[in-house]
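Step one of this worksheet: look at the structure below.
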Amino acid sequence: MDRYRLLDRYFTISIDGTGRLVFPKRHCPHCLTRTRNGKTTYYHPVLEAKLVTPNGFAFSIMTEFVENPGKNPTKQDCELKAFYRLAARLKKRFPRLPICLLLDGLFAGGPTFALCEQYRWKYFVVLQESDLSSVHKEFEALLPLASENHLRFLTGVRREIQQDFRWMNDISYVDSENREHTIAVLECL
């Protein structure tokens, strides 16, 4: 697996929710519930950590169930809470492994960034424009000042696919707990 490390150092681990089993009735005390149009369904999602490689292989290395702690919980479990449990287990199981997490926008925020910094993990978070709006605004404002931060690749069998990348380093983000994080933004057009 060493040849698949990011920058010859980091193992890339994708973390995402998956695996919904849906039932018309509660069959165990850990079911999560969703009610739509007056109809309640019961389901069991999981959060998966997968070691991924550039050539498309994905190996499951850890799973965390997203489930309620008892029959009548006051709050439901969620992917974000499951992430913190999974991250602690991942760090305990692989304490010295150089990790780069691949995350979706659900995990974009100060607590996730702080945890990754505490564990000395690198991370990529795929953002929508509505995620971390202050970061998007600063990114767009700074881009005209750094035209050298652009790269174009032609890919595909006949080099028919054009990919443009723009990036900006050292963007400040202050989270809801007033902690400052310095992040880089990479945009693929």
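Observations on the model:
- Exclusive hit being in contact with a Lys or Arg (Cβ under 7 Å, 6 or more places away or on another chain) and hydrophobic (A, V, I, L, M, F, W, C), set Ile61, Ile15: Ile61
- Any chance Glu177 is touching a Gly at 6+ places or on another chain (Cβ under 9 Å) and touching a residue at least 40 places away in the same chain (Cβ under 8 Å): yes
- Near pairs, Cβ below 7 angstrom, 6+ apart or cross-chain, from the range 122-144 (under 23 Å from Ile15 (Cβ atoms)) to any residue that is aromatic (Phe, Trp, Tyr): Lys122/Tyr10; Val125/Phe107; Leu132/Tyr173; Val135/Tyr173
- Checked against the criteria, Arg96 counts as surrounded by fewer than 16 Cβ atoms within 10 Å (Cβ to Cβ), more than 24 Å from Cys78 (Cα to Cα) and modelled with pLDDT of 95 or more.
This table checks each residue for (1) surrounded by 15 or more Cβ atoms within 10 Å (Cβ to Cβ); (2) of a type outside the set (Gly, Ala, Ser).
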residue: Pro29; (1), (2): no, yes
residue: Arg34; (1), (2): no, yes
residue: His44; (1), (2): yes, yes
residue: Lys50; (1), (2): yes, yes
residue: Gly56; (1), (2): no, no
residue: Asn68; (1), (2): yes, yes
residue: Lys75; (1), (2): no, yes
residue: Gly105; (1), (2): no, no
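- Residue in the range 159-167 that is under 26 Å from Pro54 (Cα atoms) and among the β-branched types (Val, Ile, Thr) present: yes
Condition check ((1) in contact with a His (Cβ under 9 Å, 6 or more places away or on another chain); (2) part of a strand (DSSP E or B)) across all residues:
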| position | (1), (2) |
| --- | --- |
| Val125 | no, yes |
| Ser130 | yes, no |
| Ser147 | no, no |
| Arg152 | no, yes |
| Asp170 | no, yes |
| Tyr173 | yes, yes |
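- Contacts under 6 angstrom Cβ, first residue in the range 33-59 being of a type in the set (Gly, Ala, Ser), partner assigned to a strand (DSSP E or B) and at pLDDT 85 or above, 6 or more apart: Ala49/Ile13; Ala49/Ile15; Ala49/Ile61; Ala49/Met62; Ala58/Lys50; Ala58/Val52
- Scanning the range 157-182 for residues that are more than 22 Å from the chain's Cα centre (by Cα) and surrounded by 10 or more Cβ atoms within 10 Å (Cβ to Cβ) yields Ile161, Gln162, Gln163, Asp164.
- With a requirement of 2 or more residues that are closer than 23 Å to Lys122 by Cα and either touching a helix residue (DSSP H, G or I) at 6+ places or on another chain (Cβ under 7 Å) or not assigned by TED's automatic domain parsing to the domain that holds Ala108 (or both), the strands (runs of 3 or more DSSP E) lying completely within the range 1-95 that satisfy it span 11-23, 39-52, 58-65.
The values are calculated or read from the model by the stated rules, or taken from the named source; none is laboratory data. Predicted model, so just to flag it, every value in this text is computed and none were measured. Here the Cβ is made from the backbone with ideal geometry for all residues, glycine too, and neighbour counts use every protein chain on show.
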